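The values are calculated or read from the model by the stated rules, or taken from the named source; none is laboratory data. What you see is a predicted model, and the numbers here were worked out from it, not measured in a lab. Here the Cβ positions follow ideal geometry from the backbone for every residue, glycine too, while neighbour counts run over all protein chains shown. SASA here: full protein model, heavy atoms, side chains in, ligands and nucleic acids out. Shrake-Rupley method; radii C 1.70, N 1.55, O 1.52, S 1.80 Å.
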Amino acid sequence: MLKGKNAVVTGAAKGIGKAIALAFAREGCNIVLNYHSTAPDDTIQEIEALGVQCLPVQGDVSDFEFAESMLKQAKKELGSVDILVNNAGITRDMLLMRMSEEDFDAVIATNLKGTFNMVRHVSSLMLKQRSGTIINMASVVGVMGNAGQANYAASKAGIIGLTKSVAKELAPRGITCNAIAPGFVETDMTEVLTEEQKKKMLEVIPLKRYAQVEDIANVAVFLAGNTYITGQVINVDGGMVM
Ligand code: NAP
């Protein structure tokens, strides 16, 4: 389904984004690999070794102009943007009473506004093509809330509202937009949690294991290849939220 398609994946240097980029490449999809700080040279080589093109683009998705320029570059060099995965995300966890304005703004800027920036600019490309699929990375905490993550949960709940609105607006042109809501995935983002916090998480996961990045990537491959699911939030959380 993805052979010969072109996908933009944000925040793809590591973790879930890297797994999605590699899974798409294994399906024969060319990758525009957005990274923020350090170029992931090994991942770029691994993608190219799969026989597809990899276009690495450094930049910050919270920057409206950068989002536009990356998508223009993708269109110019690959011819089209068929799939967009808004994966880039950060946490700045703190209880509400001690959360700084800066930490609230930073999380909203990267997670929610970054997703808006990319969706806003890809929509003009996809509307002209009359095809395309957008996958936004939400989180189960955007559905259920989480103490200590008011900024992050608000950003992810915002992504869910954005996803459903975009799905409705772009559906008449055959463009789909869905969100994946992972539970607890073993990546650098969750590595910072204490053993106590991790143990507590496991207790509320019916499948009694944390997700691996491939669990999320498999769902992204499924959604990227679909043309009749839109406006949905797929929880990939071992049964945490039912
Ligand atoms: P991760 O390992 O920390 O990776 C996040 C990636 O996003 C990094 O490569 C990071 O690059 C990049 N990034 C951060 N700010 C960026 C910006 N402004 N512009 C472009 N890229 C930026 O996190 P992850 O666990 O793979 O998470 C990926 C996505 O899944 C996030 O949206 C996260 O909220 C979501 N999620 C994760 C979990 C989980 O349990 N891990 C659960 C639910 C949802 P730098 O490091 O160079 O800044």
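Modelled label positions at Gln58 and Leu202, each set 7 Å beyond Cα in the direction of Cβ, lie 3.9 nm from each other. When the Gaussian network model of the chain links Cα atoms closer than 10 Å, the mean-square fluctuations of Met97, Met144, Met126 top out at Met97. The relative contact order of the chain, computed from alpha carbon pairs under 8 Å that lie at least 6 residues apart in sequence, is 19 percent. At most 13 other Cβ atoms within 10 Å and a DSSP loop assignment: could you name the chymotrypsin sites (Phe, Trp or Tyr not before Pro) in region 137-242 that fit? Answer by residue number: Tyr228.
Set the bar at 21 Å for Cα to Cα. Now go through Lys18/Lys164; Lys75/Lys128; Lys76/Lys128 and name every pair that lies beyond it. Before the final figure, lay out the partial values.
On the way: Lys18/Lys164 25 Å; Lys75/Lys128 12 Å; Lys76/Lys128 15 Å.
Table pairs above 21 Å Cα-Cα are Lys18/Lys164.
Working from Cα pairs under 8 Å separated by at least six residues, relative contact order for region 100-221 is 26 percent.
Counting only protein heavy atoms and a 1.4 Å probe, tell me what percentage of region 87-242's accessible area is made up of carbon and sulfur. Can you show the working numbers first?
Numbers: 4550 of 7960 Å².
Summing carbon and sulfur atoms, their accessible area is 57 percent of the total for region 87-242.
Cα centroid separation, region 104-145 to region 185-242: 18 Å. Projected onto their three principal axes, the Cα atoms of the chain cover extents of 48, 35, 34 Å, largest first.
Computed from the Cα positions only, the extents of region 135-242 along the three principal axes stand at 48, 27, 25 Å, in decreasing order.
Would you mind calculating the gained length between Val192 and Asn218 on full extension (0.36 nm times residue separation, minus the Cα-Cα distance), in nm to one decimal? Could the numbers behind the result be given before it?
On the way: separation 26, 0.36 × 26 = 9.36 nm, distance 2.49 nm.
Answer, rounded to one decimal: 6.9 nm.
Spin-label model, Ile229/Lys72: points 7 Å from Cα along the beta carbon direction are separated by 3.5 nm.
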